[in-house]
Each structure stands twice: as C-alpha cells, then as structure tokens.
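The values are calculated or read from the model by the stated rules, or taken from the named source; none is laboratory data. These figures come from a predicted structure and were not determined experimentally. Glycine also receives a Cβ, built like all others from the backbone with ideal geometry; neighbour counts cover every protein chain displayed. Each accessible area value is taken on the protein alone, full model and side chains, heavy atoms only, with ligands, DNA and RNA left out. Shrake-Rupley method; radii C 1.70, N 1.55, O 1.52, S 1.80 Å.
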Amino acid sequence: MNGRFFCINCVKYIFVVNMLKAIIVDDEDKAIKSLSWELSNFNDEVEIVNTFSNPEKALEFIDNNSIDCLFLDIEMPTMDGFQFIEKLPRKDFAIVITTAYNEYAIEALKKEAIDYLLKPVDTDDLEQCLKKITKFTQRIAQVDTDEKFEKILFNFNQRLSKKKIIINADGKLIFLKPEEIVCVESDGNYSSIHTIEAKKIVVTKKLKEVNGLLPEDMFFRIHNSYIINLDKVKEYYKTDGYVILEMNHKIPVSRQKKTEFLDKF
C-alpha cells in the first residue's frame, strides 16, 4: 500500500436497486388487505414477503429472515406495536407505524419508527414513506460496506511483517509507520498524534486507547498527558524534568515515571 491514507468518504458506492422486502403486522385482516392493495400500486418497488395477524409469529419470522421494512399496527389486543418493537431481535430495517389515531405519531417516532401512516392509508403518503424507507436501507447498506472494508484493511495489516498503526480520523483511515510518530498528546476525550512531517492528527480516542495501539518496546507514556517515541528522544534535562524530542517537542517527565523512563535506555 503506497498511499498514506485511505479515504472512506471517497469510495463510490453502487447500490443495486432491489425491491424492498416488507412484512405487514396487523391484527385486522381487513387492514392487512387494504395496505397490501395500496402497496400493489408500487409493486415494482416493494414486495410483501409475508403478513401476520399474530405478533409472536411475526417476531419469529423476523428472527429468521431478512427484511427491509416492517409495517406495524400500533393497536393490537395481545401485544401493542410499542411492545412489539421492544421485543424485536434486531432493528436493521425500517419500521413504519400504521394507526387510525394520529396522537400516536410522536411516540411512534420516538420508538425508532422512521415514519407513520394514518389509516385508511393515503397513496401519496405511502409514496413519500417508501422514499424514506429506500433512503434508510441505502444508509444501512453503506454503513455495512464501510465496516466490512475496514475489517479487510485491518486484517491485511495484521499479516504484514511490519505492522502499521491504523488511525481512524476525519473520515479516513491513516496508516502510519511507528517510526513516523514522534509523540501523542492528550486532550480530554481526544488525542493529538504528532508526526515527523510536523503533522498533527486529532483522533477521538483517549490517550490510554491510543497507547494500546502502539508497540510497547518503542513507545512510553512518560506523563499522564503524553506518550513519546523513545527513538525520538534527543535530550533529557534532569533538573527541570523534561525531554526534547525530534521536531523540538518539549515534553515533561512525570516524577513517578522518571526511573522507569531512564531504565528504558
């Protein structure tokens, strides 16, 4: 890998436009037939793979099958829609609440539903709802692609004889050789990595987390707020208690770390 970083945001994702796989859960057969009929106007966009009047059977189906969307009635006698959502084995699909009562709308959205439809369902409302579902499924697909690709890169790096430090920052993965890092500075929940090229890379990791990524034989946490590359130490001022690194970084030495630091040399 010749480049210094891989920009995840620069990848062009190509989404194959497949039909949305949907299920309907409603205790009323009439309501299921009505929504199914409305969805038939969009039969090139959505496929109803199953319908359920029994919530428990619907949960079992979801646990064993992949879907893109769930149209869920909010008022069912044995288990209402909100209880149903709480029991879902996973929520990697769009949830749309169907109800005859618009006072449920706000609570429905709080329960992770992306939209709601008032019964009887209006065709225009359903069309807008399907657009939201499509956007939702594309976001899920992109996140899944990002995670899979990152995993490939991490696994590839693990097989290298000289592993690089992989830093996730600013929407890209940055691959650094250990010898390129001069020091790391803490800034609360963030850390700043300083390189030999005088670059400052800010990551959303605490210093302890960054320390776990660095080779122990090469890096040393010399202070609560600093990790240094031992190979970059130029001078140590014993009286004043600080070191000078390459690139003229002046780093304090913790009293508690002084003896351990000197033992490294």
Length gained when the stretch K135-K199 is fully extended (0.36 nm per residue, less Cα-Cα span): 19.3 nm
With 22 Å as the limit, write out which pairs from K177/K238; K199/K232; K200/K258; K200/K250; K177/K208 have Cα-Cα distances beyond it, or answer none. K177/K238; K200/K258
Mind listing the phi-derived Karplus ³J(HN,Hα) values for segment 39-51, rounded to whole Hz, using 6.51, -1.76 and 1.60 with θ = phi - 60°, and x for any glycine or proline? 5, 5, 5, 10, 5, 8, 10, 9, 10, 7, 7, 5, 10
Under a 1.4 angstrom probe, counting protein chains only, how are T134, T98, T78 ranked by accessible area, largest first? T78, T134, T98
Give, in nm to one decimal, the length gained when the segment between D217 and F265 is fully stretched (0.36 nm per residue of separation minus the Cα-Cα distance). 16.2 nm
How far apart, in nanometres, would the label points at N41 and S66 be if each is projected 7 angstrom from Cα along the Cα-to-Cβ direction? 3.0 nm
Modelling each spin label as a point 7 Å along the Cα-to-Cβ direction, I'd like the E246/K177 distance in nm, to one decimal. 1.0 nm
